[in-house]
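What follows is a single structure, written as structure tokens, with notes after it.
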Amino acid sequence: MMRGWLVINHFLHTPKFEEIYRLLEESAVRHQIQLIRRTNAQLLCRFDRHGEWIDPGEERPDFVLFWDKDVRLGMALEDAGMRLFNPARAIQICDDKSWTAMALKNSGIRMPRTVLAPMTYSNVGYPDTGFLDEVEKLGYPLIAKECFGSFGQQVYRLENREALQRLVVSRQGIGLLFQEYIKSSCGRDIRIQMVGGEAVASMYRYHETDFRANVTNGGKMRPYTPTREQVEMARAVCRTISLDFAGVDILFGPQEEPVFCEVNSNAHIKNIFDCTGINVADAIMEWIQKQTRHAGK
């Protein structure tokens, strides 16, 4: 029987996350995989005097399903020879929206025009905000995003210079990026769940009173059949970032053309299961089996 670790965050125990872990573990049983929970606090990044990673003292798994964002631990596990799904570097790129933009630049993937805020320090902030002159070239309203954030809760639509200035000053030391507002996609987008380069499930998300379509933020969802162009975009995103699986969010351009929004390496597969009846965990387990067996040949 194939044996793997499901690595999760030691300090995150909300019902929403527990549902995801349960879906993955139940799917592993169906696929005759022994999937053992391990937390980042149990494994830890520990190094001896020679800089070698200290093994946690148990049998090595055949694979690691890394459902956390502790990328330092992920990289340590990879350095120790373990195969991670997803790779640690891919998780790192997805977790930081500025790194996502950097990874996809020059890829041919259509994205909103983007400006990254210059780095500053929390105890310094932005005493000079002259760089906002360049940000304003995106036009108003414009979108500001904290580089680290989930469920649309750190995404803001700003209507004027005063609101822009106020946000920047209040978020001193927090990474920010700014994007043009895609008006044609106000309150709607699609989520395509990709596994192994294939679109496994898709849903249309919409909100009647908010520019963000996130379900956690009060949006609604319904099953959706993506266009060829939308699937090709999602596939290109995953290929460029080297993702085994991901939830790719796509906006609607003025002519309904796909515009990339965000990508989540550890997408919440429970919502799309409730919406479509498709259990993405099964596709993930099948992909892991295929890749692990192929690597063993």
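The values are calculated or read from the model by the stated rules, or taken from the named source; none is laboratory data. This structure is a prediction, so every number in the text was calculated from the model and none was measured. Glycine also receives a Cβ, built like all others from the backbone with ideal geometry; neighbour counts cover every protein chain displayed. Surface areas here come from the heavy atoms of the whole protein model, side chains and all, with no ligands, DNA or RNA. Shrake-Rupley method; radii C 1.70, N 1.55, O 1.52, S 1.80 Å.
Results, tabulated for the structure shown:
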item: Selection count where residues are open to solvent by 70 Å² or more (accessible area, probe 1.4 Å), assigned to a loop (DSSP other than H, G, I, E, B) and among the charged types (D, E, K, R), scope region 29-55; result: 3
item: Only listed residue being more than 11 Å from Leu73 (Cβ to Cβ), of a type outside the set (S, T, N, Q) and in a helix (DSSP H, G or I), chosen from Glu58, Glu26; result: Glu26
item: Search result, residues across region 256-293 that are at pLDDT 95 or above, outside any helix (DSSP H, G or I) and not β-branched (Val, Ile, Thr); result: Glu256, Glu257, Pro258, Phe260, Cys261, Glu262, Asn264, Ser265, Gly277, Asn279
item: Candidate set: region 161-190, residues that are β-branched (Val, Ile, Thr), open to solvent by 10 Å² or more (accessible area, probe 1.4 Å) and in contact with a strand residue (DSSP E or B) (Cβ under 8 Å, 6 or more places away or on another chain); chosen: the one farthest from Asp210 (Cα to Cα); result: Ile174
item: Filter result for Thr14 (modelled with pLDDT of 95 or more and among the hydroxyl-bearing types (Ser, Thr, Tyr)); result: no
item: Filtered residues of region 205-220 (kept if part of a strand (DSSP E or B) and buried (at least 19 other Cβ atoms within 10 Å of the Cβ)); result: Arg205
item: Enumeration of residues in region 142-160 that are free of Cβ contacts under 8 Å to residues at least 24 places away in the same chain and in contact with a strand residue (DSSP E or B) (Cβ under 7 Å, 6 or more places away or on another chain); result: Gln154, Tyr156, Leu158
